[in-house]
Structures are given as C-alpha cells and as structure tokens.
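Values in this text are rule-based calculations from the coordinates and carry no lab data. Everything numeric in this text was worked out from a predicted model, so none of it was measured. All Cβ positions, glycine included, derive from the backbone under ideal geometry; neighbour counts span all protein chains shown.
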Amino acid sequence: MCVGIPAMIVSINNDKAFSAIVDVEGVRREANIALLADPADPLREGDWVLLHVGFAMSKLDEAEAKSTLEFIRALGSVYDEEVDALRGQDSA
C-alpha cells in the first residue's frame, strides 16, 4: 500500500528548481516541492509536508504531522514498508 507520510523540510535546494531535502524518521531524501510553490506562503526549513512518491502534496502544521505519524506507526507493517522504501532509495 502506498500512503502519504509526514516529512519535515530540512533544507530548500535553491540551485535546483522545486527541490528540498526532507526528513522522515531520520531518513533524508530529496523531494519535489513544485505542487506547493506559492509565493504568498513559501515553504521554509522546519515546515512539515505530506510526502507521497517523492512529491510534497500538502503542507501540514507540526501537530497534524505528529498526529498523522502516530496514526501511521499504529498501522504497523504499512508504516514500516513506507520507511523501508525510503531507506532503499539513494540517499540525499
């Protein structure tokens, strides 16, 4: 099963359009942030996003991100599969 998982933005890559490094449970990966490119509300380091197949799909507040992570952890194998899939990608 593929689910979106909360990730915290660690850095914005200004040298590469719509790119950021995100952290999911200590696993860091590059993510595409083009879907959230909003000059009126730009993403910043420390912001939380919902990550799905390498794309930031929506912005979350910290409480919502932590609550969602807690829920996903409770799913057991679904959560483990998502984090394992992230670990299997080339590191950022």
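Round to a whole angstrom and tell me the spacing of the C-alpha centers of region 1-36 and region 44-81.
A separation of 11 Å, based on Cα centres.
Rounded to two decimals, what ratio of Rg to Rh does the chain give with C-alpha atoms and a Kirkwood Rh?
Rounded to two decimals, Rg over Rh is 0.95.
Pairs of alpha-carbon atoms within less than 8 angstrom and 6+ residues apart define the contacts here; what relative contact order does region 5-88 have, in percent?
Over region 5-88, the number comes to 28 percent.
Cut-off is 10 Å between beta-carbons; in what order do Lys66, Lys59, Lys16 appear when sorted fewest neighbours first?
By the 10 Å Cβ count, ascending, the order reads Lys16, Lys66, Lys59.
Charges only on Cβ, +1 for Lys and Arg, -1 for Asp and Glu: so what's the dipole of the chain about the Cα centre, in debye to the nearest 20?
On the way: 8 positive and 17 negative charges, 24 e Å.
Taking the Cα centre of the chain as origin, the dipole is about 120 debye.
At 7 Å along the Cα-to-beta-carbon direction for both Ala74 and Arg44, put a label point, then send me their distance in nm to one decimal.
3.2
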